[in-house]
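In what follows, a single structure is set out as structure tokens and then discussed.
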Amino acid sequence: MSNMENSFDDVSYFSPQNLGSLSPGKKQSKENTITINCVTFPHPDTMPEQQLLKPTEWSYCDYFWADKKDPQGNGTVAGFELLLQKQLKGKQMQKEMSEFVRERIKIEEEYAKNLAKLSQNSLAAQEEGSLGEAWAQVKKSLADEAEVHLKFSAKLHSEVEKPLMNFRENFKKDMKKCDHHIADLRKQLASRYASVEKARKALTERQRDLEMKTQQLEIKLSNKTEEDIKKARRKSTQAGDDLMRCVDLYNQAQSKWFEEMVTTTLELERLEVERVEMIRQHLCQYTQLRHETDMFNQSTVEPVDQLLRKVDPAKDRELWVREHKTGNIRPVDMEI
């Protein structure tokens with residue numbers, strides 16, 4: 001996964017060699033450790049003090065080493081799996097936000113369509129004078145407002161909805177690769193642990209066999225020769241060597257898993273910060289567009305306000321009378 005590989009060039013700082021007691025201890029005795037789901041931890045009764053890798057930061061790399069009981073079943077969920085679920089949930093939330101904005105766009109488009117249609121309505125079209133001019137401007141302002149909302153919906157699509165939808169298009173595929181990588185290391189660790197337990201069992205059996213043969217020879221219950229004892233002792237020594245080799249291979253596998261866990265969890269942490277920041281920026285863009293839309297909407301009614309201030313009933317009456325008057329000679333009394 002390319003963006004995984006190119007991040008955190010200084011992650012070697014967190015390698016087991018540089019962490020001392022923080023890394024899986026290769027020389028700790030069995031009594032000082034406890035193995036849970038094939039991962040070896042300090043024993044609770046003799047636990048040495050461990051410093052967090054990134055103190056005060058609540059970093060992913062510090063808090064997801066153990067497995068957690070699966071609430072959906074009887075098994076467990078790896079800490080790393082929880083982090084992946086968090087990432088995938090974040091991707092889903094981002095997608096749903098984009099869909100939400102899409103619905104907002106539909107509302108704006110429908111609103112603009114209805115405003116434009118209403119602006120063409122002929123109701124009160126015969127109003128005259130300065131009031132008629134103001135009324136005509138009211139209808140025109142609807143068409144102007146419809147244009148404002150259309151532009152708002154177009155910008156919402158290009159500057160908010162589309163970026164939210166297209167951000168990290170291959171994210172699920174990248175996360176699956178990451179999951180497989182860590183899972184493979186965990187499987188290898190489990191395999192190494194199984195080899196350790198098998199070698200430990202073999203050593204116990206060889207030691208028991210050697211002890212039994214030695215006791216039988218001492219109390220003359222067997223005709224076993226000293227050569228048989230030496231042979232049993234060699235097998236016991238070989239079993240001990242095999243166990244040491246298996247433990248060393250196990251520790252190597254755990255060290256590799258440890259290093260990759262640190263690297264990958266820090267990368268997941270970076271990706272989550274990047275996702276949140278991206279969404280924040282685009283939601284800020286949404287509010288900015290809303291402010292601009294409100295400002296433009298305000299500008300569409302300013303001409304209406306200007307004409308309303310000019311409405312003059314007396315002037316309108318004069319104009320109407322001049323156009324429609326039928327005579328200004330008044331009636332008088334009839335004479336006999």
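The values are calculated or read from the model by the stated rules, or taken from the named source; none is laboratory data. On a predicted model such as this, the values are computed, not experimentally measured, just so you know. As a convention, Cβ positions derive from the backbone with ideal geometry for all residues, glycine included, and neighbour counts pool all protein chains shown. We work out accessible area using only protein heavy atoms, side chains counted, and drop any ligands, DNA or RNA first. Shrake-Rupley method; radii C 1.70, N 1.55, O 1.52, S 1.80 Å.
Per-residue ellipticity at 222 nm, computed for the chain from helices alone with -39500 (n - 2.57) per DSSP H run of at least four residues, works out to -24500 deg cm²/dmol.
Which FRET efficiency value, to the nearest 0.05, do you get for Arg102 and Val138 by plugging their Cβ-Cβ distance into 1/(1 + (r/R0)^6) with R0 = 22 Å? Once rounded, the FRET efficiency stands at 0.10. Our compactness index for the chain, the C-alpha radius of gyration over the empirical 2.2 N^0.38 Å, is 2.04.
What FRET efficiency, computed as 1/(1 + (r/R0)^6) with R0 = 45 Å and r the Cβ-Cβ distance, is obtained for Glu57 and Ser191, rounded to the nearest 0.05?
Using R0 = 45 Å, I get an efficiency of 0.85.
For the chain, the longest principal axis of the alpha carbon atoms and the long axis of helix 129-156 meet at an angle near 20°. On full extension, the segment bounded by Thr237 and Ala154 gains 22.1 nm, given 0.36 nm per residue less the C-alpha separation.
Given the pairs Lys113/Lys310; Lys69/Lys177; Lys68/Lys176; Lys198/Lys231, which are separated by over 28 angstrom at their Cα positions?
On the way: Lys113/Lys310 30 Å; Lys69/Lys177 24 Å; Lys68/Lys176 20 Å; Lys198/Lys231 21 Å.
Going by Cα-Cα distance, Lys113/Lys310 fall outside the 28 Å limit.
Assigning unit charges at the beta carbon (Lys, Arg +1; Asp, Glu -1) and nothing else, what dipole magnitude in debye, to the nearest 20, does the chain show about its Cα centre?
On the way: 54 positive and 57 negative charges, 438 e Å.
It comes to approximately 2100 debye.
Once the Cβ-Cβ distance between Met93 and Asn121 is put in as r, and R0 is 41 Å, what FRET efficiency do you end up with, to the nearest 0.05?
Numbers: r = 43 Å, r/R0 = 1.04.
In this case the efficiency is close to 0.45.
When the accessible area of the chain is computed with all protein chains present and a 1.4 Å probe, what percentage of it is carbon and sulfur?
Numbers: 12070 of 22760 Å².
For the chain, the apolar C and S fraction of the accessible surface comes to 53 percent.
The packing ranking, built from the mean of other Cβ atoms within 10 Å per residue, places the peptides 321-329, 49-57, 277-285 in the order 277-285, 49-57, 321-329, highest first.
By how many nm would the segment from Lys310 to Lys177 lengthen if fully extended, with 0.36 nm per residue of separation less the alpha-carbon distance?
On the way: separation 133, 0.36 × 133 = 47.88 nm, distance 7.07 nm.
Between Lys310 and Lys177, full extension yields 40.8 nm more.
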